[in-house]
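The values are calculated or read from the model by the stated rules, or taken from the named source; none is laboratory data. As the structure is a prediction and not an experimental result, all values here were calculated from the model.
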Amino acid sequence: MGPLVVVGRYSFPLEAQIAKSNLQAAGIRAYIADEHTINMQWLYSDALGGVRLMVAEQDAQEAEEILQQDFSLSIAETEIPDSDVESDWICPACGSHNVALFTKGKKSAFVIFILLGFPLFFYQHGVKCNDCGKFSKK
C-alpha cells in the first residue's frame, strides 16, 4: 500500500462514514482522518479542513468517480412519519391535528452555550401547533 491521498472532505463525521462505506462496498480500502477531533469539538471542522476521507494513491481516481455518483435514485422513496404522537395529538387551544414535534428553548440554550462556553439546558420537548403556534408538552 502506497501513500494515502485525500479524496473527500466533509463537515460532519457521519457524511465521511457514509462515503467510506460506499468505497468499501466497491472494494476500496478507505480511512477517515480527524473524525474524533471534530466529534469532540465540532467548531474546529472548518479550521482543520473538515473530516478527511483518504485512500491509497492508486485507488484515488476510482474512489473519486464513486464519490461523484448520485445514489439517491437507488433509495426507495418512503414516507417516514416523525412520530405517532403527532397523528394522535390535538392542539388544546384550537383543536387542530396539524402539529409537529418541537423543542422549546433550544435557540436560547445554544446562545448561552456559545457565550458562556458550557451548556445550560433550559429547553422542553413537546409539540407545536402549526395553525395557532401553541406549544404543549407531551
What about ASP131, is it in a loop (DSSP other than H, G, I, E, B) and either modelled with pLDDT under 75 or assigned by TED's automatic domain parsing to the domain that holds GLN24 (or both)? no
Among the residues of the range 9-31, write down those that are within 17 Å of the chain's Cα centre (by Cα) and not in a loop (DSSP other than H, G, I, E, B). ARG9, TYR10, PRO13, LEU14, GLU15, ALA16, GLN17, ILE18, ALA19, LYS20, SER21
